[in-house]
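Student: Quick one: this structure, given as structure tokens, is what I'll be asking you about.
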Amino acid sequence: MDDKLILAIESSCDETAAAVVKNGRDVLSNIISSQIDLHTLYGGVVPEIASRKHTEQINQVVEEALKEAKVSLKDIDAIAVTYGPGLVGALLVGVSMAKALSFATKIPLVGVHHIEGHISANYIENKDLEPPFVCLVVSGGHSHLVRVLDYGKYEILGRTRDDAAGEAFDKVARAIGLGYPGGPKIDKVSYKGNPDAIKFPRAKVEGSVYDFSFSGLKSAVLNYLNQCEMKNEPIVQEDVAASFQKAVVDVLVEHSMTAIKEFNVDKFAIAGGVASNSHLRDALEKACKEAGVSFYKPSPILCTDNAAMIGAAGYYEFINGNVSGYDLNAIPNLRLGER
Ligand code: KG4
Ligand code: ZN
């Protein structure tokens, strides 16, 4: 088959991103304009500000992606864009840009599911990775354990019943005074703390071995902080961070290993912003080694939101004939596997 170049656009949350990807695996450019500094002022993502900033940035980011890849629109075979899930106003900026470009140039348009993008980030640095495999997708908005049956074909084994893993990281970080975004900060300070200092719960969800629940853990941390204050006891930020993180990592590793055994897979991958957590990566690497399973972990820059992963997913959708019409709309609560 001829080489296929995908121009990919991602704007579902607080990064405005565009990339050019060849044949779903080779990244020719990956431009990310982050809004984190802006949102840090407010302690979290402010949707209205996110949409406005995307509108300001999107043209430049797309131009930059083409320039860095040393291609022009006439070289592009398809334009892939995240159309859900995410913040509706933020998604709409990317979707409108992709539709306008596609309409003006007649280059086919491909709507991509954001989680499918996160999973596909694994194809970029592992040219040999092919489905089937199991993937743990943990980000600010999602915690999914997914069986990747084939390109574009997924079975969700478990999902969170309440907070996403990244959301729990962000809320706990705020409560212990680390600020936003919480994940990377907890990851860092935990090296100075004792992960066994405080016994936080490892939540089990009734009736499901694979579903997650992180809100009980978040409440346990808040209760612990309140009790310390009431008893006038000092709070050791590093110990709280390390103990909370261990509780999250233990549950994620346990669920992942259960799925690996039940489905007898020999390949396991991780994805999403929380997958850049160094403690989680180490724990899963060790567990996979013990189980004799190949472990795939994208570089941190491909774990957090980016457009290269959308280009990888978009390529497989495109070659499988899944082209979108101009009625493509932003779907904030789009489920994986739906089109
Ligand atoms: O995938 P992502 O960039 O956006 C969503 O699709 O949600 O994930 C962002 C989330 C945030 O909650 C952030 O705190 C978390 O990923 N995160 C981390 C780390 N880096 C980012 N969580 C734990 N440890 C990290 N090193
Ligand atoms: Zn994401």
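The values are calculated or read from the model by the stated rules, or taken from the named source; none is laboratory data. What you are looking at is a predicted structure, and each value in this text was computed from that prediction instead of being measured. Don't worry about glycine lacking a Cβ; one is built from the backbone with ideal geometry, like all the others, and counts go over all protein chains shown.
Student: For I270, only one of the following conditions fails: (1) in a loop (DSSP other than H, G, I, E, B); (2) closer than 23 Å to K246 by Cβ. What is its number?
Tutor: (1)
Student: I've got another one for you. Residues being outside any loop (DSSP other than H, G, I, E, B) and either within 23 Å of the chain's Cα centre (by Cα) or under 22 Å from Y42 (Cα atoms) (or both): count how many of those fall in the range 180-207.
Tutor: The initial filter retains those residues of the range 180-207 that are outside any loop (DSSP other than H, G, I, E, B), namely 182-192, 205.
Next cut, either within 23 Å of the chain's Cα centre (by Cα) or under 22 Å from Y42 (Cα atoms) (or both) only: 182-190, 205.
Counting residues in the range 180-207 that are outside any loop (DSSP other than H, G, I, E, B) and either within 23 Å of the chain's Cα centre (by Cα) or under 22 Å from Y42 (Cα atoms) (or both) gives 10.
Student: If you don't mind, another one. Are there any strands (runs of 3 or more DSSP E) wholly within the range 1-76 with 1 or more residues that are under 21 Å from G182 (Cβ atoms), and if so which?
Tutor: In the range 1-76, 15-22, 26-34 are the strands (runs of 3 or more DSSP E) which contain 1 or more residues that are under 21 Å from G182 (Cβ atoms).
Student: Something else now. So which residues in the range 109-136 are assigned to a helix (DSSP H, G or I) and away from ligand 2 (no atom under 13 Å from the Cβ), if there are any at all? If you could, list the steps in order and put the result at the bottom.
Tutor: Going through the range 109-136, the residues assigned to a helix (DSSP H, G or I) turn out to be 114-125.
Result: N122, Y123, I124, E125.
Student: Which ones in the range 250-267 are of a type outside the set (A, V, I, L, M, F, W, C) and part of a helix (DSSP H, G or I)? If you could, list the steps in order and put the result at the bottom.
Tutor: Taking the range 250-267 and keeping what is of a type outside the set (A, V, I, L, M, F, W, C), we get 250, 254-256, 258, 261-262, 264, 266-267.
Within the range 250-267, D250, E254, H255, S256, T258, K261, E262 qualify.
Student: Which members of the range 137-163 meet the condition of being within 16 Å of ligand 2 (Cβ to nearest atom) and either polar (S, T, N, Q) or closer than 14 Å to S219 by Cα (or both)?
Tutor: Answer for the range 137-163, where residues must be within 16 Å of ligand 2 (Cβ to nearest atom) and either polar (S, T, N, Q) or closer than 14 Å to S219 by Cα (or both): S139, S143, T160, D163.
Student: Something else now. Looking at (1) at positive phi; (2) touching a helix residue (DSSP H, G or I) at 6+ places or on another chain (Cβ under 7 Å); (3) at pLDDT 95 or above, which one does K70 not meet, given that it meets all the others?
Tutor: Checking K70 against (1) at positive phi; (2) touching a helix residue (DSSP H, G or I) at 6+ places or on another chain (Cβ under 7 Å); (3) at pLDDT 95 or above, the one that fails is (2).
Student: Any residue at all in the range 237-249 that is away from ligand 1 (no atom under 16 Å from the Cβ), assigned to a loop (DSSP other than H, G, I, E, B) and modelled with pLDDT of 95 or more?
Tutor: So far as the range 237-249 goes, no, none of its residues is away from ligand 1 (no atom under 16 Å from the Cβ), assigned to a loop (DSSP other than H, G, I, E, B) and modelled with pLDDT of 95 or more.
Student: Check the range 92-106 and report whether any residue there is surrounded by fewer than 24 Cβ atoms within 10 Å (Cβ to Cβ) and part of a strand (DSSP E or B).
Tutor: Checking the range 92-106: not a single residue is surrounded by fewer than 24 Cβ atoms within 10 Å (Cβ to Cβ) and part of a strand (DSSP E or B).
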